[in-house]
């Protein structure tokens, strides 16, 4: 049944000179896989890439793909524009009566990072060639502007992007924008640009869900010629709630650990073997635990010393509990050890703090605003920390 929830989007771009702009400086293929694997966490993307959707995109520009780094936003953007370009190339040439043959011949689709867009726009101002800069973009077969959040506080470039969006929309030219968060949550962008981006279709690109991770791990194991047992595959999928580049890095670590013994390549790696491969020393675990505490303190706008203090202030107590919960959840550290890292607290006190956060996390979504805020913080930190030291997590 899980397999029915999985969908796949083959990346249609092959870096064959199809794109102008910066694209020729991109890697020859996506890191890890040559396709996007999704499940229920990204179900809207399945519709976006479908033929049915492509026939109804005319009024949806720009498409804004937003999500964490490594989720495949750029590859999906390239695939969308590639697919539309291929479709237009295959259609019979039809020139509207009010358009000349020259006007109907669109240039290559263009790929630009937001910073490159800004640099070229400023250069165009200096050389009095803004119209040429703008027309080259507008007359292209399609445009991708990557990481638009990088235009933060670049007022002139943001205003120019709004003009480009307006004119491309008027000409029904496809344009795809990528950014780490939805336009409304992106600080440093003008209200006018945010409003313009919001007129199109905004879709989140989430890290792969459980079913997609199982599929991805299976394919990466095959690519890396590593034989994993079902329980080892499930363990990786359960513990590593991360993106494809991070999963790919994990397999690089496994290959490195197996390199010393050529015979290991032919053996199936089970969960117990996988646990041994990633087992860390006490000092390494302590270092990672301190990283968790430091990250939690920063998220709550506190100092690490606050969490180690005797303060019973509610925000400090809550942050302390989140540190305990994440240390247990991500690293499996004992209550005794966590207590020593948090000001030599008694293990029973640490256990109580952990139970309190566990209960809060498992509570209904209808809980009060404070509990909901803590749930969001825990989810965010868990995702960020898992990404940060994916291959360093102990499988306990």
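Quick notes on this one:
- Computed FRET value (nearest 0.05) for residue 108 with residue 128, which takes r as the C-beta separation and R₀ as 30 Å: 0.75
- Between residue 253 and residue 60, the modelled label-to-label distance comes to 3.7 nm, taking each label 7 Å out from Cα in the direction of the beta carbon.
- Among 276-282, 317-323, sorting by the average number of other beta carbon atoms lying within 10 angstrom of each residue, highest first, gives 317-323, 276-282.
- Exposure proxy ranking, count of Cβ atoms within 10 Å, fewest first, for 285, 242: 285, 242
- Relative intensity, log₁₀ I(q)/I(0), of segment 142-299 from a Debye sum that treats every alpha carbon as a point, q = 0.17, 0.20 Å⁻¹: -0.98, -1.17
- The Stokes-Einstein estimate for segment 210-277, based on a Kirkwood radius over Cα pairs and taken at 20 °C with 1.002 mPa s viscosity, is a diffusion coefficient of 180 µm²/s.
- Reducing segment 175-243 and segment 148-167 to their Cα centroids gives an inter-centroid distance of 25 Å.
Bear in mind that the values in this text are calculations on the coordinates, not laboratory data. Only a predicted model underlies this, so the values are computations on that prediction, with no experimental measurement involved. Note: ideal-geometry Cβ built from the backbone for every residue, glycine included; neighbour counts use all protein chains shown.
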